[in-house]
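Worksheet: one structure, shown below.
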Amino acid sequence: LQNTQQIIVNNFNQLSQALHSLGFRLFVESVENDVVPQACVIYDDNGGLVDYLRSKGIGAWRWPDVEMPEEVTHNSSQYPNAVFFDKKLVLIPVHQSIGDKQIKYMVQVLSRWQL
């Protein structure tokens, strides 16, 4: 379990540092000890980033996306933060099955994205 956690944290650190150097705004730039991130989260200020990444074989996603509570969907003006984050945050996988080769590919693909 500790080995898996370390791989995930290393993936997160490697990806977040590379994306930061490319000029991406990160939702979280670093993680505390004993925190295992589920994704590297970046801002999508222009829209379309999830579709772009998916078209290149990268399993990016939004959350809550289709799981947004109906209360928020039907009363979006009362939940501006939830709506903003749902539209502007992109989650990029950092799970333990990802290696240096995949991280390098994700960075390469993201380097072509117009910020």
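Values quoted throughout were computed directly from the atomic coordinates according to the rules given, and no laboratory measurement underlies them. Since the structure is predicted, the reported quantities are computational estimates derived from the model, not experimental observations. No Cβ is skipped: glycine too gets one built from the backbone with ideal geometry, and neighbour counts run over all protein chains shown.
Tabulated data
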quantity	calculated
Pairwise FRET efficiency - Lys101 versus Arg54, Cβ, R0 = 25 Å, nearest 0.05	0.85
Trypsin sites (Lys or Arg not before Pro) restricted to the range 66-115 and DSSP loop, no more than 12 other C-beta within 10 Å	Arg112
In sequence order, calculated HN-Hα J values of the range 37-50 (Karplus, 6.51, -1.76, 1.60; Hz; x Gly/Pro)	x, 8, 6, 9, 10, 10, 7, 10, 6, 9, x, x, 5, 4
Where Cα atoms sit under 21 Å apart: lysine pairs in the chain separated by 8 or more or lying on different chains	4
³J(HN,Hα), Karplus 6.51/-1.76/1.60, whole Hz, each residue of the range 54-59, x for Gly, Pro	5, 5, 9, x, 9, x
